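Asks: This is the structure, below, for whatever I ask next.
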Amino acid sequence: HSSDSYTHRSDEIMQQESSPLCAADISLDLRKQFAFLSGGRGQNGSPIIIFPEYPTFGELEEQEFHNVLTYLTSVPSLSSTGVGFILVIDRRQDRWASVKGTLLRIAGSFPGNLQLVLVLRPTALFQRTISDIFFKLNKDEFKMKVPVIMLSSVTELHSYIDRTQLTQELGGTQEYCHEKWISHRTAIEGFALMVKKTAQILQSFGTELAETELPNDVEATSNLLIVHTEKKDKMKEDLRIALCQGSRLLESINEPLVKDPDYTMNQDELENLATVQRLLGQLDETETAFDDFWDKHQTKLEQCLQLRHFEQNFREVRAHLDMVYDRVSGFSEVGISPAHIEHILKELTNYEDRAYVTLALACDADQLIEASHYAVDSILPKCSELRAVCEEISGVLEAKKTHLLKAMDLHQCLEKATKWCEDGIYLLASQPVDKCQSQDGAESALQEIERYLETANQHKLTDLSGIWRDYESVLTQDFRVDKVFQKQLSMQEMFEKRRFSLKKLAAKQTRPVQPVAPRPEAIKPPTSSPEMHLQNDSSRHTSVSDEEENFAVLRRHVMNELLETERAYVEELLCVLEGYGAEMDNPAMAHLIPNTLLHKKDILFGNMPEIYQFHKKTFLRELETYTDYPELVGRCFLERMTDLQIYEKYCQNKPRSESLWRQCSDCAFFQECQKKLEHKLGLDSYLLKPVQRITKYQLLLKELLKYSKGCEGADYLQEALSSILGILKAVNDSMHLIAITGYEGNLSDLGRLMMQGSFSVWTEHKKGHVKVKDLARFKPMQRHLFLHEKALLFCKKREENGEGYEKAPSYSFKHSLSMSAVGITENPKGDNKKFEIWCNSREEVYIVQASTPEIKTAWVNEIRKVLTGQLKAYRAASQQKSSDQISQLTPTSTSLTQSPFKTNPKTLKKGEEKKTEPTAADSSTAVLLKNDKVKGFSKASLSVDASEENDGYSSAEDPMNSDPEDEGGRKLSPGRYVVVADHDKSGPQELTVKNSHIQDYVNTMTILSSFTPPHVTHGKSPQ
């Protein structure tokens, strides 16, 4: 590994720069300058240590003395110190005692080798004399192995050491600055220490990198690469700082040469310079070695990351290929039509494209191998495996495509034959029977058939056994070859029959006939010709048979339109939900969505996903089962009528969706989605599709019903049509209902909405015994009425500004009437567009005018149903309560015959006929007369089943709710009843009432005190 050379370089640095003492550690002792290295050398290169005049030398502590001398002897190079040091001791101003003490201390503790000791003895005459005497006497006390020479002057000193190697204090020429020397030594040793620490850190980091195990996943490998890179950058920064410090130190050492090119460095300065240069060189070498090691380590980490990415992608791609292979291998469809096969082929091509996209991973692997990746042995097999699987899938897909293309060929043959049959049936259906009665018309029709039959060989299936043989591999029950072949035979038979009839008509000798009738069927042949009778019967039979066949073809075409439009509808819904709805959740498109559209997907699309799922998974599949039985498709609609009510929810949301669309229609999001889908129309057109679809069903059902008269499923079609129209009405009603404002209660509590519509309304109410009409009596109020099961709401219609659904009206609630307290008069003043709604004994009367008599009739019938239903419910609830009173109140048949019309003729209007009374033998019925002005009866009348001509209801106003001013003096008493009906409008057969009806009325009268039943009157309103 490259880290070996790099580690060796770091060890070398640390060994070379080790030292027991540093200048920084003894800087205070060094600054006393009792001894120093001047940088001078003796003749043989011995380093010179100078002991300058130092009066307090004898007071130095032994440790101070030892530290300084030890450090000074460690500074010169090993080659110099091996020769030995020359000591120059300057004691010219001192005494002999000082000289002796200095020599004794040096002799006892000098840490290095000595070559020569030169002593400048005291210059005073007495001290010089004493020094000469005592030095000779005490020479042996110094115990020095080298000569000690006593010098009297610097001149003598110059004879031993050249002046250039001595400082100016000793008569030499050498410049020496002790502070600068200490500064340089401190800086050099600090730099050496920095180099050492840097080497240690780099060595430790290199060991860490070399011992790091490569991770097994992408994330861990990526994180490791980031961490190691950060540490490397920190190491490089430390190296840069060290190199900068060394460069500055080198400049400081070279400073004298910069100032004075003639300056000559002493030996110590040269050694300092060499030391710094050596350290800088070692740093450079260390950096180079580290960079080389890091490059290899980084390459390995990056390759590891590439490998982990490849392995991860390989696992995903392999799983995807397995899925594709399973789907393709298990694929056995042959389609139901050429268009369906084209769709399947497109899907298979997409699978193939997706499989080949995975080959890009194999290409990436090839690049890794070419780049000498360390894991070639792991990558190469996976790369080969990918290519092998892709080739296998490609082979399976090719076989499936060949299979499908063969199936498509058969489908096209069958479609061509089927279309030829249908076109032929159309041809037969398009030949008018009346025109074929003439010889020219028959010949013309015959020629049309002959020309059409000439195209048979181009379209028909001719060899059934050959088809089974050639397409055996793709034939399934979906192809219905036998059925198509049978259809050809049936059609051929139809053509032969038509040809036979037409040939007879064309060949016959027609006798002259006067064309007195505009229609051919009105032309009567001579009665004396039996042949003509037979021919007419044959033509009529042929005409009926042809008509049935024509209707069958038309039903089939309507059914085809239903299925084709249903499939297109499902595709359009899916397109909208994926192309717009799903894109609203796509993070890549989020920047295009305006704030007004955020989180409003449910508002924009309503329950369209629910509609799509119902049609795709349920309704379309069930419709397809009726492909060959279009006349029975009404069953499918009836079975799914409850599910189809989901459109009501969609339509109710449509105004909110429309409003949101108008706010955001120009945003970039919708434009981008439309561009991707390549739609010519905007989203709003597709949001209208469900509304258009539910409306389309009733049109198709009407068409099918028109062509299915007398068929087995005609009743189903009629019921389905009625149900669909009911849904459309409910949808329309609910759209109006949600627009009501100002109603404080819950509309759902009012029961089902029966009808709604706009009317002109007059009101009048009675205070005391005087009727007061509204000031606007002759100017009606425009009100929109909502008829519920339990209440009738009066609202004021307000048009809104805007476009589309925003222009839909709103309705301001005004007041309501409870259906349990109202009565109606069907034809007030004989106006066939008006009816009255009243309550509280006609204290409140609402005269309602519809726009047409039909609308008025529909409303009166619906209100009648509500009131009748309430009356039936009331009767059921009161049956038990009234049972005890029936025996007292029920009149006998004899009582019924004693009508006031018989005993008191004055009660009849002048000029009005008296009707025949029932006889005793027919006591179960009674004669019913209608008169609003009957006196003494309190205008009470009975609810009976009247004729359909009179809307099925007679007047039925309860005495409890009658007008007080119209009441006579006679009270209603048991046993005496007057039952009146509209005599002028009813037929004799309708003017009877059974005892059971009288019994019901008696029961009703018994408990009027606790309940007021609904009321309906028929005829003119009281004046």
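Asks: Considering only residues that are in contact with a helix residue (DSSP H, G or I) (Cβ under 7 Å, 6 or more places away or on another chain) and either open to solvent by less than 40 Å² (accessible area, probe 1.4 Å) or not in a helix (DSSP H, G or I) (or both), which ones fall in region 190-211?
Replies: Result: PHE191, ALA192, VAL195, THR198, ALA199, LEU202, PHE205, GLY206, LEU209.
Asks: With respect to LEU273, determine if the residue is over 60 Å from the mean Cα position of the chain (by Cα), open to solvent by less than 30 Å² (accessible area, probe 1.4 Å) and within 30 Å of GLN165 (Cβ to Cβ).
Replies: For LEU273, the condition - over 60 Å from the mean Cα position of the chain (by Cα), open to solvent by less than 30 Å² (accessible area, probe 1.4 Å) and within 30 Å of GLN165 (Cβ to Cβ) - is met.
Asks: Something else about it: I need a count of the residues in region 584-613 that are part of a helix (DSSP H, G or I), among the hydrophobic types (A, V, I, L, M, F, W, C) and closer than 20 Å to SER659 by Cα. Talk me through it step by step, then tell me what you get.
Replies: Initial filter on region 584-613 (part of a helix (DSSP H, G or I)): 584-585, 587-592, 595-597, 601-605, 608-613.
The next check asks that each one be among the hydrophobic types (A, V, I, L, M, F, W, C); those that pass are 584, 588-590, 592, 597, 603-605, 608, 611.
Okay, now just the ones that are also closer than 20 Å to SER659 by Cα, so 584, 592, 597, 603-605, 608.
Of the residues in region 584-613, 7 are part of a helix (DSSP H, G or I), among the hydrophobic types (A, V, I, L, M, F, W, C) and closer than 20 Å to SER659 by Cα.
Asks: Same structure again: Output yes when any residue across region 104-114 is of a type in the set (Gly, Ala, Ser), open to solvent by 60 Å² or more (accessible area, probe 1.4 Å) and at pLDDT 75 or above, and no when none is.
Replies: no
Asks: Okay, moving on. Does region 286-305 contain at least one residue that is without any contact (Cβ under 8 Å) to a residue 12 or more places away in the chain and among the β-branched types (Val, Ile, Thr)? Steps first, please.
Replies: If we filter region 286-305 for residues that are without any contact (Cβ under 8 Å) to a residue 12 or more places away in the chain, which is where we start, we get 288, 291, 295, 299.
Now drop any that are not among the β-branched types (Val, Ile, Thr), which leaves 288, 299.
Looking through region 286-305, at least one residue is without any contact (Cβ under 8 Å) to a residue 12 or more places away in the chain and among the β-branched types (Val, Ile, Thr).
Asks: Also, quick follow-up: Given the options VAL376, VAL389, VAL357, name the one that is of a type in the set (Val, Ile, Thr), more than 30 Å from ARG556 (Cα to Cα) and at pLDDT below 75. Write out each step before concluding.
Replies: On the way: VAL376 fails: at pLDDT below 75; VAL389 fails: at pLDDT below 75.
Testing whether each residue is of a type in the set (Val, Ile, Thr), more than 30 Å from ARG556 (Cα to Cα) and at pLDDT below 75 leaves just VAL357.
Asks: Could you identify the single residue in ILE646, ILE611 that is within 20 Å of the chain's Cα centre (by Cα) and within 21 Å of VAL570 (Cα to Cα)?
Replies: ILE611
Asks: Let me ask something else. List the number of the failed condition for LYS100; all other conditions in (1) farther than 29 Å from ASN272 by Cβ; (2) open to solvent by less than 40 Å² (accessible area, probe 1.4 Å) hold.
Replies: Checking LYS100 against (1) farther than 29 Å from ASN272 by Cβ; (2) open to solvent by less than 40 Å² (accessible area, probe 1.4 Å), the one that fails is (2).
Asks: What is the residue count in region 365-379 for residues that are more than 42 Å from the chain's Cα centre (by Cα) and surrounded by fewer than 13 Cβ atoms within 10 Å (Cβ to Cβ)?
Replies: 4
Asks: Tell me, which residue of region 212-233 that is within 26 Å of SER247 (Cβ to Cβ) and at pLDDT below 90 is surrounded by the fewest Cβ atoms within 10 Å (Cβ to Cβ)?
Replies: LYS231
Asks: In addition: Could you list, ordered by first residue, the pairs with Cβ atoms under 6 Å in which the first is in region 153-178 and without any contact (Cβ under 8 Å) to a residue 40 or more places away in the chain and the second is part of a loop (DSSP other than H, G, I, E, B) and buried (at least 19 other Cβ atoms within 10 Å of the Cβ), at least 6 apart or interchain?
Replies: ARG163/GLY172
Asks: Ok, one more. Considering LYS382, LYS406, which residue is touching a residue at least 60 places away in the same chain (Cβ under 8 Å), farther than 26 Å from LEU307 by Cβ, assigned to a helix (DSSP H, G or I) and open to solvent by 20 Å² or more (accessible area, probe 1.4 Å)?
Replies: On the way: LYS382 fails: farther than 26 Å from LEU307 by Cβ.
On inspection, the qualifying residue turns out to be LYS406.
Asks: While we're here: Taking region 773-788, which residues are modelled with pLDDT under 65 and open to solvent by less than 60 Å² (accessible area, probe 1.4 Å)?
Replies: Matches in region 773-788: ASP774, ALA776, ARG777.
Asks: How about region 833-890: which of its residues are of a type in the set (Ser, Thr, Tyr), at pLDDT below 90 and more than 19 Å from VAL822 (Cβ to Cβ)?
Replies: SER878, SER882, SER883, SER887, THR890
Asks: Being among the aliphatic types (A, V, I, L, M), open to solvent by 40 Å² or more (accessible area, probe 1.4 Å) and in contact (Cβ under 8 Å) with a residue 40 or more places away in the chain is the filter here; which residues of region 568-588 pass it? Walk me through how you get there before you give the answer.
Replies: Within region 568-588, the first condition is being among the aliphatic types (A, V, I, L, M), and the residues that meet it are 568, 570, 573-574, 576-577, 582, 584, 588.
Next cut, open to solvent by 40 Å² or more (accessible area, probe 1.4 Å) only: 568, 574, 582, 588.
LEU574 - this is the single residue of region 568-588 that is among the aliphatic types (A, V, I, L, M), open to solvent by 40 Å² or more (accessible area, probe 1.4 Å) and in contact (Cβ under 8 Å) with a residue 40 or more places away in the chain.
Asks: Sticking with this one: Does region 811-822 contain any residue that is in contact with a Lys or Arg (Cβ under 7 Å, 6 or more places away or on another chain), open to solvent by less than 30 Å² (accessible area, probe 1.4 Å) and not aliphatic (A, V, I, L, M)?
Replies: Within region 811-822 (the criterion being in contact with a Lys or Arg (Cβ under 7 Å, 6 or more places away or on another chain), open to solvent by less than 30 Å² (accessible area, probe 1.4 Å) and not aliphatic (A, V, I, L, M)), the answer is yes, since at least one residue qualifies.
Asks: Across region 46-60, what is the total count of residues that are in contact with a helix residue (DSSP H, G or I) (Cβ under 9 Å, 6 or more places away or on another chain), free of Cβ contacts under 8 Å to residues at least 60 places away in the same chain and either polar (S, T, N, Q) or exposed (fewer than 15 other Cβ atoms within 10 Å of the Cβ) (or both)?
Replies: Qualifying residue count, region 46-60: 2.
Asks: Right, another one. Just the residues that are charged (D, E, K, R) and part of a loop (DSSP other than H, G, I, E, B), please, taken from region 19-38. Break it down into steps so the answer makes sense when it comes.
Replies: First pass over region 19-38, keeping only residues charged (D, E, K, R): 25, 29, 31-32.
Correct list: ASP25, LYS32.
Asks: Next up: If I filter region 536-559 down to residues being open to solvent by 40 Å² or more (accessible area, probe 1.4 Å) and under 20 Å from LYS419 (Cβ atoms), which single residue comes out as modelled with the lowest pLDDT?
Replies: Taking the candidates together, the pick is GLU549.
Asks: How many residues are surrounded by fewer than 16 Cβ atoms within 10 Å (Cβ to Cβ) and basic (Lys, Arg) when one looks only at region 301-333?
Replies: Looking only at that region, the number is 2.
Asks: Within the group THR565, THR596, which residue is over 30 Å from LEU699 (Cα atoms) and open to solvent by 20 Å² or more (accessible area, probe 1.4 Å)?
Replies: Only one candidate qualifies: THR596.
Asks: Checking LEU166 against (1) surrounded by 14 or more Cβ atoms within 10 Å (Cβ to Cβ); (2) over 30 Å from PHE85 (Cα atoms), which single condition isn't satisfied?
Replies: In the conditions (1) surrounded by 14 or more Cβ atoms within 10 Å (Cβ to Cβ); (2) over 30 Å from PHE85 (Cα atoms), LEU166 misses (2) alone.
The values are calculated or read from the model by the stated rules, or taken from the named source; none is laboratory data. What you see is a predicted model, and the numbers here were worked out from it, not measured in a lab. Ideal geometry is used to build each Cβ from the backbone, glycine not excepted, and the neighbour counts take in all protein chains shown. We work out accessible area using only protein heavy atoms, side chains counted, and drop any ligands, DNA or RNA first. Shrake-Rupley method; radii C 1.70, N 1.55, O 1.52, S 1.80 Å.
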